[in-house]
Each structure stands twice: as C-alpha cells, then as structure tokens.
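Below: one structure, written as structure tokens.
Here, each number is a calculation from the coordinates, and none is a lab measurement. Values in this document were obtained by computation on a predicted structure and should not be read as measured data. Glycine gets a Cβ as well: all are built from the backbone with ideal geometry, and neighbour counts include every protein chain shown.
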Amino acid sequence: MGKVRPDNVKRAARELVERFPEKFSVEFESNKKNVDVLTNVRSKKLKNRIAGYITKIIGRKITEKNLEESSKTSQANQRKDKMSSKG
C-alpha cells in the first residue's frame, strides 16, 4: 500500500492551487520554491510534502485534459468514419 498524506498537507496544497494556479507546474523544484514564497511554513519536510502533492494534483489535471481531448478527437473521427461508410 502507498503512503497516506495528512489532511493538513492536502488542504494546504489544494488551497494554494486554487488561489495561485498559474504559479504551479509538474516540476517539483519550482513548486517547492513557490510553496516557500507563498506560505509561512517553516518545516522543510512539510514544504516538500505540500510541493509534492501539488505536483501530483497538477499532473492529474493535465492527464485529465489530455484524456478528454483524445476522447473528443476519437469520437469526432468515429463520426467521420460512419459518415464516409454510409455514402
């Protein structure tokens, strides 16, 4: 089984992504610097955990967008194929 993240890490990460979505990316190092600038968390371990969870959140969002786009594209291609096979 995987590691469980504490609620305070998840809450802080979600709030930061909600408030400053343009500041974060899938790169952990840049997220770590932004967490340091945007919060008053002193613990290095806690900052790293928040930055890691933010990286995971952003990665999921990008994956979801890609899946939605690819499913829309495949649906459009299927419609084209149906139309061309009828004629």
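Just a few scattered comments:
- Interatomic Cα distance distribution for segment 7-86, bins of 5 angstrom, percent: 3, 15, 22, 17, 9, 6, 7, 6, 6, 4, 3, 2, 1, 0
- Residue order for LYS3, LYS56, LYS32, fewest other beta carbons within 10 angstrom first, comes to LYS3, LYS56, LYS32.
- As a rough guide to protection, the peptides 4-16, 69-81 ranked by mean Cβ packing within 10 Å, highest first, stand as 4-16, 69-81.
- If you count Lys pairs in segment 7-86 whose Cα atoms are under 17 Å apart, skipping same-chain pairs closer than 8 places in sequence, the total is 25.
- Only Cα pairs under 8 Å and 6+ residues apart enter the sum, and on that basis the relative contact order of the chain stands at 30 percent.
- Centre separation in Å (Cα based) which lies between segment 49-80 and segment 7-32: 18
- Exposure proxy ranking, count of Cβ atoms within 10 Å, fewest first, for ILE57, ILE62: ILE62, ILE57
- Among THR55, THR39, the order by Cβ neighbours within 10 angstrom, fewest to most, reads THR39, THR55.
- Local net charge near ASN66, Cβ-Cβ under 12 Å (Lys/Arg +1, Asp/Glu -1): +1
- Per-residue HN-Hα couplings for segment 3-14 [Karplus 6.51, -1.76, 1.60; θ = phi - 60°; Hz; x = Gly/Pro]: 6, 9, 8, x, 4, 5, 5, 4, 4, 5, 5, 4
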